[in-house]
Amino acid sequence: MSSASTTSSIWEGYTSVPTASETPFIVNPVTLVCEPEIYPALPIALICILVCFLAVTGNLVVMIVILHNRRSILSTDIYLLHLATADLLFAVSLPFWAVDAISGWVFGDAMCKVVSMIQEVNFYSGILLLACISVNRYFAIVHSARSHRQKQPFLIKLVCAAVWVLSILLSLPILYKGQVRASSNKYICNEDHDGEYDEKWKLATKICHHIIGFLIPLGVIVFCYSVTIQRLCQTKGFQKEKALKVIIAVVLAFLICWVPHNITVFIDTLVRMRFIMASCAGRNHIDRALFATQSLGFLHSCVNPILYAFIGVKFRANLLRLLADKGLMKRTEESHFQRSVRPSVSGTTSTVI
C-alpha cells in the first residue's frame, strides 16, 4: 500500500472553498484545506501491535514448516514462502505506524522512506506472487503438467526474483517522494507532491499502482482460477480439488482484504486529481472509507497462516512432524494424526495443502 494512503496523510492535497460543506460539489477549488477527522490514537496503535504479533508469529511458523520439509518442496511452496516473507516484512513495519498514531512520526526522513517503501513492496509482491501461483496451478491442473512443479525449481526461483525486483522498481517513487513534514502539532510521514509537474508524476504513479499493481494481476488470477475450477468440475478425482483448496482460500482472502481498499483509493485518486469534485462532507466519507479498508488490508498479513492451519491438512501434518522432531510433542500423537489424514497428504501436493 502506498504511504500516501496511511491514516496520517489521508487529507494531504485536499482543497475546497469556504462553503464546501454546504454544497454537494466544488466547481472552482482554492487553497482552503478541509479539516480532517481525528481518529483515536490508542486503538489504532493497539490494532497495529496485535496484527504485527499475529503476522510475525504466523508467517515465521509457515516459513519454518516449509523450510523444514525443503526436500519435498514444490513450486507452490516456493511461492508461498516468498509470500510469507513479504507479509513478515510488512508486519515488521507496523510498530512504526503504532508509534506514529500516538506521537506522530519521530523516526526521521530516512525511516519514513524505508518503512513506506516496505509497505508498497508488500502490496505489489503480494498480488504478483498470487498471480504467479494462479498461473502455476493453471498449468499443473488444466494442462496436467504434473512434473511442472518439480523439474524447474530454478525457473520458479527466477520468477520470484523477478517479482521482487519489479515490486521494488514500482515502489521507488515512494522512496524518492516520501518525507516528513509538519502538520498541526505533530510530524507526519507521507509523499511530497507540490507543483504542476509533481501532480502529473503523482497521477502517473497512481495509474501504475492501479493497473500494474491490481487490475492486470487480478485479471490473470480470475482467468486462471475460472478455467481451473471449470476443469476440476469435469474431473472425477478429488485429490486435485484438495490440492487447490488452500490456494483458492489464499486468493479469496487477498481479494476480500484488498479489493475494497483499492476501489476506495481509486475514488480517492480521482478526487485528489480533481476528476471528481467533492465537498468536505464527501471527503469525510472517503476518509472514513480509506481508514476502514486500510485496516482490513492490514489484517491480510496474518490471514494466510490461519488459512493454512485450518484448511491445509498437509500443513498441520508437517507442523506436527516438526514439533515431534524437536521433542515438543509425543511422537505417538503425531503418528496418530498422520494415519488419520494419510489419504489427503499425498506427496504430489504442496507442503501447506
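Would you mind telling me which numbered condition in (1) in a helix (DSSP H, G or I); (2) open to solvent by 40 Å² or more (accessible area, probe 1.4 Å) residue 249 fails?
Among (1) in a helix (DSSP H, G or I); (2) open to solvent by 40 Å² or more (accessible area, probe 1.4 Å), the lone unmet condition for residue 249 is (2).
Please go through region 262-273 and pick out each residue that is open to solvent by less than 50 Å² (accessible area, probe 1.4 Å), in a helix (DSSP H, G or I) and not β-branched (Val, Ile, Thr).
Matches in region 262-273: 262, 268, 270, 272.
Looking at region 174-187, which of the residues that are open to solvent by less than 40 Å² (accessible area, probe 1.4 Å) and within 9 Å of residue 112 (Cβ to Cβ) is modelled with the highest pLDDT?
Among residues in region 174-187 that are open to solvent by less than 40 Å² (accessible area, probe 1.4 Å) and within 9 Å of residue 112 (Cβ to Cβ), the one modelled with the highest pLDDT is 180.
Give the residue that is farthest from residue 182 (Cα to Cα), with candidates limited to residues of region 75-113 that are open to solvent by 10 Å² or more (accessible area, probe 1.4 Å) and in a loop (DSSP other than H, G, I, E, B).
Across region 75-113, the extreme among qualifying residues is 107.
Please name all residue pairs, on different chains or six or more residues apart, with Cβ atoms under 8 Å, provided the first residue is in region 315-326 and is under 18 Å from residue 74 (Cβ atoms) and the second residue is modelled with pLDDT under 80 and among the acidic types (Asp, Glu).
Close Cβ pairs (under 8 Å, with a partner that is modelled with pLDDT under 80 and among the acidic types (Asp, Glu)) amount to 321/334.
From the set of residues in region 121-138 that are over 16 Å from residue 77 (Cα atoms) and open to solvent by 10 Å² or more (accessible area, probe 1.4 Å), which is modelled with the highest pLDDT?
121
Please determine whether any residue of region 31-42 is in contact with a Cys (Cβ under 8 Å, 6 or more places away or on another chain), modelled with pLDDT of 90 or more and more than 30 Å from residue 248 (Cβ to Cβ).
no
Within region 289-305, can one find any residue that is surrounded by fewer than 16 Cβ atoms within 10 Å (Cβ to Cβ), among the small types (Gly, Ala, Ser), more than 29 Å from residue 143 (Cβ to Cβ) and at pLDDT 85 or above?
Yes, region 289-305 contains a residue that is surrounded by fewer than 16 Cβ atoms within 10 Å (Cβ to Cβ), among the small types (Gly, Ala, Ser), more than 29 Å from residue 143 (Cβ to Cβ) and at pLDDT 85 or above.
Restricting to region 274-285, and then to whatever is crowded, with 21+ Cβ neighbours inside 10 Å and not in a loop (DSSP other than H, G, I, E, B), can you tell me which residue is nearest to the chain's Cα centre (by Cα)?
Of everything passing the filter in region 274-285, 283 is nearest to the chain's Cα centre (by Cα).
Between a residue in region 208-223 that is aliphatic (A, V, I, L, M) and any residue that is part of a helix (DSSP H, G or I), which pairs come within a Cβ distance under 7 Å, given they are 6 or more apart or on different chains?
So the pair list comes out as 212/170; 220/131; 220/134; 220/135; 221/130; 221/131; 221/134; 221/251.
Quick one: which of 253, 249 is among the small types (Gly, Ala, Ser) and at pLDDT below 85?
It is 249.
As an exercise: evaluate residue 50 against (1) surrounded by fewer than 22 Cβ atoms within 10 Å (Cβ to Cβ); (2) touching a residue at least 12 places away in the same chain (Cβ under 8 Å); (3) more than 17 Å from residue 247 (Cβ to Cβ) and give the number of the one condition it does not meet.
Residue 50 satisfies every listed condition except (2).
Does residue 20 satisfy the condition of being farther than 23 Å from residue 181 by Cβ, at pLDDT 70 or above and buried (at least 20 other Cβ atoms within 10 Å of the Cβ)?
Against the criterion (farther than 23 Å from residue 181 by Cβ, at pLDDT 70 or above and buried (at least 20 other Cβ atoms within 10 Å of the Cβ)), residue 20 does not qualify.
Please tell me if residue 144 is in contact with a strand residue (DSSP E or B) (Cβ under 8 Å, 6 or more places away or on another chain) and open to solvent by 10 Å² or more (accessible area, probe 1.4 Å).
no
Quickly run through region 53-72 and pick out the residues that are open to solvent by less than 50 Å² (accessible area, probe 1.4 Å) and of a type in the set (Val, Ile, Thr).
56, 62, 65, 66 - these are the residues of region 53-72 that are open to solvent by less than 50 Å² (accessible area, probe 1.4 Å) and of a type in the set (Val, Ile, Thr).
Mind checking which residues of region 86-125 are more than 29 Å from residue 62 (Cα to Cα) and of a type in the set (Phe, Trp, Tyr)?
Of everything in region 86-125, those that are more than 29 Å from residue 62 (Cα to Cα) and of a type in the set (Phe, Trp, Tyr) turn out to be 105, 107.
The values are calculated or read from the model by the stated rules, or taken from the named source; none is laboratory data. Just so you know, these numbers come straight off a predicted model, no measurement behind them. Note that each Cβ is placed from the backbone with ideal geometry, even for glycine, and that neighbours are counted across all protein chains shown. SASA here: full protein model, heavy atoms, side chains in, ligands and nucleic acids out. Shrake-Rupley method; radii C 1.70, N 1.55, O 1.52, S 1.80 Å.
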